[in-house]
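To keep things clear, I will list the structure first and then write my remarks on it.
The values are calculated or read from the model by the stated rules, or taken from the named source; none is laboratory data. Predicted model only: the values in this text are computed from it and were never measured. Neighbour counts run over all protein chains shown; Cβ positions are idealised from the backbone, glycine included. Heavy atoms of the whole protein, side chains included, go into the accessibility calculation; ligands, DNA and RNA do not. Shrake-Rupley method; radii C 1.70, N 1.55, O 1.52, S 1.80 Å.
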Amino acid sequence: MLSESDIGAIVLTLKLAGTTTALLLVLGTPLAWWLARTQSRWKNPVAVVVALPLVLPPTVLGFYLLLLMGPNGPVGKLTQALGIGLLPFSFTGLVVASVLYSMPFVVQPLQNAFEAVHESLLEAAATLRASPLDTFRHVVLPLARSGFATAAILGFAHTVGEFGVVLMVGGNIPNETRVMSVQIYDHVEALRYDNAHWLAASMVLFSLVVLWALYSKRAPGAFRV
Amino acid sequence: MSDAGLHAQLALAFDKFSLQVDLQLPRSGFTVLFGRSGCGKTTLLRCLAGLQRAQGTLRWKDTLWQDERHFVPTHLRPLSYVFQEPRLFPHLDVKGNLEFGFRRVPGNERRIRMEEAIQWLGVESLLQQRPESLSGGQRQRVAIARALLTSPQILLMDEPLASLDLDSKLDILPYLEKLRSHLDIPVIYVTHAPDEMARLAEHLVLMENGRVRAQGQLNDLLTHIDLPLLHQLDASAVINVTVDHHDPHYHLSHVAVPGGFLTVAYNELPAGSRSRVRILARDVSIALEPTHHSSISNCLPCCIIDISEDRDPARVIVRLNLGGEVILSRITRRSVDMLGLHPGQLVYAQIKAVALMN
């Protein structure tokens, strides 16, 4: 059965994934919109940086984040000066790392969805007295709805599944940074296979449900109400 | 022009194309921007709407829309735009599309009611449908109704019929004519189709290579000796007529023109109503005497204004004064010599075919 510390790890994981997804939707929407519409020469460099976590080993990302946010890193100095303290080995640090790590999984589906909204509809809205913000709210958002669903599901699921970054940046503090994947690792290290099974199986189930949701959303007609 | 509505001095340069216009357009009536594909008429319309930004100044009545420092964005200009493609919002049904612009106009600025627009464009039965389930013609009617429902001070239309098949075109033209006669909204209408131009225009702006070649009343430009319209294969004159009476027995109608009466195909217009006829130059021949023994029933006295060369070396274009209106006749040079035609001469125009446009 699940132990108390297992439950703690699950709750912490959901909290981390939820916070990260919410932040990513807020930050990723304007970024994805800019990437979808801009003709700036900065478009590709920015897109590359956003996509970097797709190819980097998570430990590499975690390693640099640890240095950046550590006592001698620029971010660490800033957070100390602001009285926030140091971010590594804290829940906040995990959120920061997860946001960067899961960024492409949210930004890219949003960008694709925004690019699919044809410029001609935005022009039509402008000739019907809708301001750019009004157009975004009432034309772009409804048309990109399925992109938002995909982005949220992928961002959430990817954060739940992360291990390397968490271990590097968060360590293994119960109820603070010990998420499910780390907990499973601990169980296996201590040869507590029974406990590992329970958590691992629930992760498999979770992943199946998420993928099922994604794939059924792509079924024909699913975009219409 | 003191009563100018739009006053545009705009310039825009692309790689191979430049637009440069200084244009004053009337504040009422149907203005057609006419020219070949690529002459810049659509670009000009987009610049007027603020969808594209040109250099220069743009003024609507007393309001500045654009100069070196200011640029009023499209959504703050009291205009509406009908695009070549309907551009209906796919996530809204027809009613939602109609309400989109309507809701964004303050109540006290609404001059066109929802029911009015729905009825004018005959979209009652479509309200609950999704755009993708409509035919091309239906979509464009919805788009026109949607544009009207913002109660625009000026309506811009960019080849609204160009993407439609012939049946849908013929389906929509009457609605456009109804707009012209029922609504006191100036319309700027872009087209490269001579028949649409002839049917709809009151004021005509002729564009060539990004410049305005000429502008003026429709028939003045159609029959202007220095303009290319006169030499097109379908060179024609468009004159206003009044329906006089109908002849149900022969299924014909008689309409009054400045110089007499014309017989046209039977129509449903009540006597006294005004319409226009298009007379193609190739359908007009010239006789020295009124003809009574001919199957051509339309024969009107007129006076030769001048005779000019045509693209075809065998033919000439004769401009005729028909009670103050100018009509065109394309005949052979040989006929001119045989009949001894010369300017100032009184002759009879035999008109083989007249199309009443409504």
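Results, tabulated for the structure shown:
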quantity	calculated
Contact order normalised by residue count of chain A, Cα under 8 Å, 6+ apart, percent	32 percent
If the convex hull is drawn through the Cα atoms of chain B, its volume per residue in Å³	161 Å³
Two-site label geometry, A:Arg137 and B:Tyr266: point separation in nm, points 7 Å out along Cα→Cβ	5.9 nm
Calculated Rg and Dmax of the range B:190-230 using C-alpha coordinates, Å	9.5, 24
Degrees between helix B:136-148 axis and first principal axis of chain B (Cα, 0 to 90, nearest 10)	70 degrees
Per-residue average of Cβ from other chains inside 10 Å of A:118-126	6
Relative contact order (percent, whole number), the range B:149-233, Cα cutoff 8 Å, 6+ residue spacing	23 percent
Mean Kyte hydropathy of -1.0 or more with a Cα span along the axis of at least 15 Å, helices from DSSP in chain A	A:4-37, A:43-55, A:58-69, A:91-116, A:145-160, A:193-217
Estimated 222 nm signal from helices in chain B, with DSSP H stretches of n ≥ 4 weighted -39500 (n - 2.57), rounded to 500	-6000 deg cm²/dmol
Qualifying trypsin sites (Lys or Arg not before Pro) in the range B:255-358, DSSP loop, other Cβ atoms within 10 Å at most 16	B:Arg311, B:Lys352
Taking the range B:236-357 and dividing mean pair separation by its residue count, relative contact order in percent (alpha carbons under 8 Å, at least six apart)	30 percent
Diffusion coefficient, µm² s⁻¹, Stokes-Einstein with Kirkwood Rh over alpha-carbon pairs of the range B:236-357 at 37 °C and 0.692 mPa s	222 µm²/s
Residue-wise HN-Hα coupling along the range B:22-28, computed from phi with Karplus coefficients 6.51, -1.76, 1.60 (Hz; x: Gly, Pro)	10, 9, 10, 10, x, 8, 8
Folded to 0 to 90 degrees: helix B:166-182 orientation relative to chain B principal axis, Cα	80 degrees
Segment A:Asp194-A:His118, extension gain: residue separation times 0.36 nm, minus the distance between their alpha carbons	22.0 nm
Relative packing of A:4-17, A:92-105, which averages over residues the other C-beta atoms within 10 Å, highest first	A:92-105, A:4-17
Partner chain coverage, peptide B:84-91 - average Cβ within 10 angstrom	5
Estimated translational D of the range B:235-276 in µm²/s (Stokes, Kirkwood radius over Cα pairs; 10 °C; 1.306 mPa s)	152 µm²/s
Efficiency of FRET from Cβ geometry, B:Ala162 and B:Ile296, R₀ 41 Å, rounded to 0.05	0.70
Theoretical FRET efficiency, 1/(1+(r/R0)^6), r = Cβ-Cβ of B:Glu208 and A:Ala213, R0 51 Å, to 0.05	0.30
Three-way shape call for chain A based on the alpha-carbon gyration tensor, with the a/c threshold at 1.5	oblate
Reach of A:Lys15 by Cα under 16 Å, taken over aspartates and glutamates that are not fewer than 8 positions away in the same chain	A:Asp6, A:Glu162, A:Glu176
Anchor B:Lys169: lysines whose Cα lies under 19 Å away (excluding residues fewer than 8 positions away in-chain)	B:Lys178
A:Leu2-A:Ala51 FRET efficiency (beta carbon distance; Förster radius 41 Å; 0.05 resolution)	0.65
Distance in nm between pseudo-label sites at A:Phe163 and B:Arg113 (7 Å out along the Cβ direction from Cα)	7.0 nm
Viscosity 0.890 mPa s, 25 °C: Kirkwood-radius Stokes-Einstein D of the protein assembly as shown over Cα pairs, µm²/s	84 µm²/s
Residue-wise HN-Hα coupling along the range B:281-287, computed from phi with Karplus coefficients 6.51, -1.76, 1.60 (Hz; x: Gly, Pro)	4, 6, 8, 10, 10, 10, 10
Net lengthening on full extension, B:Asp306/B:Leu252 (0.36 nm per residue, minus Cα-Cα)	16.2 nm
Neighbouring partner chain Cβ atoms per residue of B:36-42, average, 10 Å criterion	0
Contour minus Cα-Cα distance for B:Leu233 and B:Leu170 (0.36 nm per residue)	20.5 nm
Distance between modelled label sites at B:Thr242 and B:Asp220, nm, 7 Å Cα→Cβ extension	2.3 nm
Highest to lowest packing among A:79-85, B:88-94, B:299-305, scored as the average C-beta count within 10 Å	B:88-94, B:299-305, A:79-85
Sulfur and carbon atoms: percent of accessible area, the protein assembly as shown [1.4 Å]	57 percent
Candidates A:Ala126, A:Ala149, A:Ala200: whichever shows maximal mean-square fluctuation once chain A is modelled as a Gaussian network with Cα springs under 10 Å	A:Ala126
Packing-based order for B:14-26, B:231-243, using average beta carbon neighbours within 10 Å, highest first	B:231-243, B:14-26
